[in-house]
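Take a look at the structure below.
The values are calculated or read from the model by the stated rules, or taken from the named source; none is laboratory data. Values in this document were obtained by computation on a predicted structure and should not be read as measured data. In this analysis, Cβ positions are derived from the backbone assuming ideal geometry, glycine residues included, and neighbour counts consider all displayed protein chains.
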Amino acid sequence: MLNEGLGSWSARRARTSPERVAVVHEGAALTYAELHARVLRLAWALRGLGVRTGDRVAYLGGNHPALLETLLACGTVGAVFVPLNTRLATPELDTIVRDCAPALLFHGGDHTGPAAELRAAGAVPQLVRVAGTAERGEDDRAGTAPAGATAPAYEELIAAHEPEPLDAPVGLDDVCMIMYTSGTTGRPKGAMLTHGNITWNCVNVLLDVDITADEVTLVTAPMFHTAALNMTCLPTLLKGARVVIAPRFDPDLTLDLIESEGVTWMFGVPAMFNALSAAPRWAEADLSSIRILEAGGAPVPDTTIATYQKRGLTFLQGYGMTETAPGVLFLGAADAVRKAGSAGRPSFFTDARVVRPDLTPADPHEPGEIVVRGPNVMLGYWGRGAGTPSSHTTDGWFRTGDVAVTDEDGYVRIVDRVKDMYISGGENVYPAEVENVLHEHPDIADCAVIGVPDDRWGEVGHAVVVLSERAGATADDLADHCRRHLAGYKVPKSFAFADALPRNASGKLLKQRLRHTL
């Protein structure tokens with residue numbers, strides 16, 4: 001095949017195991033042969049809509065087989081897939097799509113409003129609507145195109161083309177997808193992940209997790225995130241196993257699917273696993289099919305580990321980031337109890353080390369920065385060039401900005417996070433982004449946002465605000481202001497008012513001092 005990337009995967013699977021079930025969604029199943037046929041139809045549709053090699057195609061929608069089909073179709077024609085976070089506010093989405101300039105935006109029916117706003121603002125030239133759970137039974141003919149033209153919707157695009165072979169030259173070094181992550185500057189940055197980056201990450205997963213061709217992988221976490229897509233869905237498809245896509249995370253639905261589909265592997269953030277164990281059906285639920293529970297996004301609390309151990313289940317944990325596609329460290333089942341609290345050791349085809357500020361290796365138990373090198377490390381940030389200088393050392397190691405320590409056995413424990421980032425319900429929140437929005441409020445003279453512990457979400461935002469003279473904004477006013485510009489999980493849960501913020505002689509904000517006052 002000319003295509004060496006992800007766009008060839010459905011073809012390779014269709015010739016190797018055409019009869020095996022690839023995807024299950026809301027009771028409907030697709031074999032690998034059927035999946036490949038749909039991918040080919042969609043690839044020709046993309047060509048018909050003017051999508052060419054290197055063009056970006058964005059996707060805004062919940063968990064649905066169409067997301068996987070669009071990704072694979074993009075890979076077939078050499079286009080670049082851009083999954084968008086459905087939890088972002090329209091202004092945040094506008095910033096992202098203007099940065100990557102997609103030729104086309106696929107969107108779920110429950111995201112018609114934001115998609116229409118983006119097109120009306122000139123941020124995207126064409127829309128295609130994908131019917132989902134919320135739209136079942138409705139007419140799926142709401143696709144739109146530039147003024148004066150009519151574009152069919154998703155299923156019409158599929159039906160309008162034949163599954164003719166399409167083998168475009170796509171290399172492992174070509175960009176496969178752009179996944180946006182909010183940087184510490186408060187501006188989103190698009191990590192360019194090549195076909196090789198994602199392929200090697202999947203190979204790492206196959207080796208680290210030791211998945212089999214009989215795996216039944218339940219995906220309830222959002223597929224626009226790298227963990228659900230690159231750490232679970234794609235490795236499962238590469239292996240020829242079965243992906244069960246849930247439209248959303250719901251404890252009862254999750255337990256239903258585990259029992260009815262015989263789920264063997266599932267991923268989630270700690271908040272999801274806590275919600276699952278708090279469900280009334282937890283004690284009686286049949287979990288006998290599960291052999292792999294994989295957690296990420298935040299360390300799993302000891303109490304959560306103990307709760308699942310009582311059911312005979314042990315968590316596999318790790319550490320990764322969007323820029324590394326995402327796996328870096330992995331803690332296998334054999335070490336899950338013995339090395340509890342550790343993120344594990346480097347994945348098979350990835351190198352990671354903890355270094356001092358001068359980049360020399362840190363001693364065991366000496367805090368240092370994690371740096372990473374391997375075929376899964378991104379090409380660079382979109383629009384900022386390959387091997388973005390500020391993110392790499394002179395000899396090619398990617399600088400994570402995360403602080404960790406190693407033990408004598410080489411197991412790595414994360415002790416701090418990228419600058420002041422905190423994780424709320426598995427979502428990265430960068431205070432700089434929230435602070436930028438707060439500063440737009442006319443009553444605010446100064447502000448700082450920090451993460452504070454929360455029983456449900458792990459961490460939530462706490463804002464300390466200095467009001468302008470004679471200003472009268474309340475906490476509710478500021479929260480409402482944030483909700484108009486930010487995703488809900490980024491809105492601070494609490495606000496405190498102060499006369500001034502602590503700063504050092506050079507004016508640097510001392511957030512650690514703020515944390516000590518709580």
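Tabulated data
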read-out: Lone qualifier among GLY297, GLY380 - being surrounded by 14 or more Cβ atoms within 10 Å (Cβ to Cβ), under 19 Å from the mean Cα position of the chain (by Cα) and at pLDDT 90 or above; value: GLY380
read-out: Meets criteria (more than 30 Å from GLU26 (Cβ to Cβ), in a loop (DSSP other than H, G, I, E, B) and in contact with a Ser or Thr (Cβ under 6 Å, 6 or more places away or on another chain)) for ASP208; value: no
read-out: Subset of segment 280-308 [in contact (Cβ under 8 Å) with a residue 24 or more places away in the chain and among the polar types (S, T, N, Q)]; value: SER289, THR304, THR307
read-out: Elements of type strands (runs of 3 or more DSSP E) in segment 1-120, at least 2 residues being within 28 Å of VAL429 (Cα to Cα) and among the β-branched types (Val, Ile, Thr); value: 80-83
read-out: Qualifying residue in segment 172-192 (condition: without any contact (Cβ under 8 Å) to a residue 40 or more places away in the chain, buried (at least 19 other Cβ atoms within 10 Å of the Cβ) and either of a type outside the set (Val, Ile, Thr) or in contact with a Cys (Cβ under 9 Å, 6 or more places away or on another chain) (or both)); value: no
read-out: Residue match in segment 38-60 (condition: in contact with a Gly (Cβ under 6 Å, 6 or more places away or on another chain) and modelled with pLDDT of 95 or more); value: yes
read-out: The lone exception for GLY50 - which of (1) buried (at least 19 other Cβ atoms within 10 Å of the Cβ); (2) at positive phi; (3) not acidic (Asp, Glu) it fails; value: (1)
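So that you can scan it fast, the table gives a plain yes or no per residue for (1) closer than 30 Å to LEU331 by Cα; (2) surrounded by fewer than 22 Cβ atoms within 10 Å (Cβ to Cβ); (3) in contact with a helix residue (DSSP H, G or I) (Cβ under 8 Å, 6 or more places away or on another chain):
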| site | (1), (2), (3) |
| --- | --- |
| VAL412 | yes, no, no |
| TYR430 | yes, no, no |
| LEU438 | no, no, yes |
| CYS447 | no, no, yes |
| HIS481 | no, yes, yes |
| SER494 | no, yes, yes |
| PRO502 | no, yes, yes |
| LEU514 | no, yes, no |
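The rows are residues; the columns are (1) touching a Phe, Trp or Tyr at 6+ places or on another chain (Cβ under 7 Å); (2) crowded, with 22+ Cβ neighbours inside 10 Å.
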residue: THR307; (1), (2): no, no
residue: PRO326; (1), (2): no, yes
residue: PHE330; (1), (2): no, yes
residue: ALA336; (1), (2): yes, no
residue: ALA340; (1), (2): no, no
